[in-house]
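The values are calculated or read from the model by the stated rules, or taken from the named source; none is laboratory data. Just so you know, these numbers come straight off a predicted model, no measurement behind them. Using ideal geometry, Cβ is built from the backbone for each residue, glycine included, and neighbour counts are taken over all protein chains shown. We work out accessible area using only protein heavy atoms, side chains counted, and drop any ligands, DNA or RNA first. Shrake-Rupley method; radii C 1.70, N 1.55, O 1.52, S 1.80 Å.
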Amino acid sequence: LQDCDGNPVSLHDYCGNKKAVWFVLVAGWCTACDSYAPDANAMWKEYEEMGLQLIFILGETPSQGVPSLGYCKTWASSHNVTAPVLVDSHWQTIDSKITPGGFDLPWDYLLDGDDMTFKWESVNYTPAAFQQQLNNLLYD
């Protein structure tokens, strides 16, 4: 994966650095992502000092193409996102490593930051369920 500046990023780089790591998969064509991304970023800012790391994974452009680095920067800016945004061409890396079989967008995945073990994903998403899992990680 690459960040919006073209720097290679390994998801393992986040292991052991934060209490919780929250991935949000998004696309340029996803209208639900348009409102969700700024809200997720605001929530991250609220919990960042407590040990939460948010990472957006951008998989496609509005025309379902591969996001360029320029588009990555434009997407982050237009959605008021200050958390890291990583480009994953059609989610090839994420789909093969984390979510074999597909997912709906926006899609959330919460990991324990100590060892990157799975804690929660947005199947049957409810804000209360997410908040409970997040609290379990941040307040332990």
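If you take the beta carbon distance between residue 9 and residue 138 as r and set R0 to 35 Å, what does 1/(1 + (r/R0)^6) give as a FRET efficiency, to the nearest 0.05?
0.90
Given a Förster distance of 35 angstrom, what is the FRET efficiency for residue 118 paired with residue 78, based on the Cβ-Cβ distance and rounded to 0.05?
The computed FRET efficiency comes out at 0.70.
Identify all aspartates and glutamates with a Cα-Cα distance to residue 119 below 12 Å; exclude those on the same chain that are fewer than 8 residues away in sequence.
In chain and number order, the partners are 108.
Evaluate the charge dipole of the chain about its Cα centre and quote only its size in Debye, nearest 20, assuming +1 on the Cβ of each Lys and Arg and -1 on the Cβ of each Asp and Glu.
In total the dipole reaches around 120 debye.
Using a probe of 1.4 angstrom, how much of the accessible area of segment 26-66 is carbon and sulfur, in percent?
After summing per-atom areas, the C and S share lands at 50 percent.
How much net charge surrounds residue 112 when only the other residues with a Cβ under 14 Å from the Cβ of residue 112 are counted, with Lys and Arg +1 and Asp and Glu -1?
-1
Let me check I've understood the local charge: for residue 58, count other residues with C-beta under 13 angstrom from its C-beta, Lys and Arg +1, Asp and Glu -1. What total comes out?
-3
Please report the Cα spread of the chain along all three principal axes, rounded to whole Å, starting with the longest.
Between the extreme Cα coordinates on each principal axis of the chain lie 42, 30, 29 Å.
Using a 1.4 Å probe, how large is the accessible area of residue 12, given in Å² and rounded to the nearest 10?
Counting only protein heavy atoms, the figure is 150 Å².
Express the accessible area of the chain per residue in Å², computed with a 1.4 Å probe while the remaining protein chains stay in the model.
On a per-residue basis, 49 Å².
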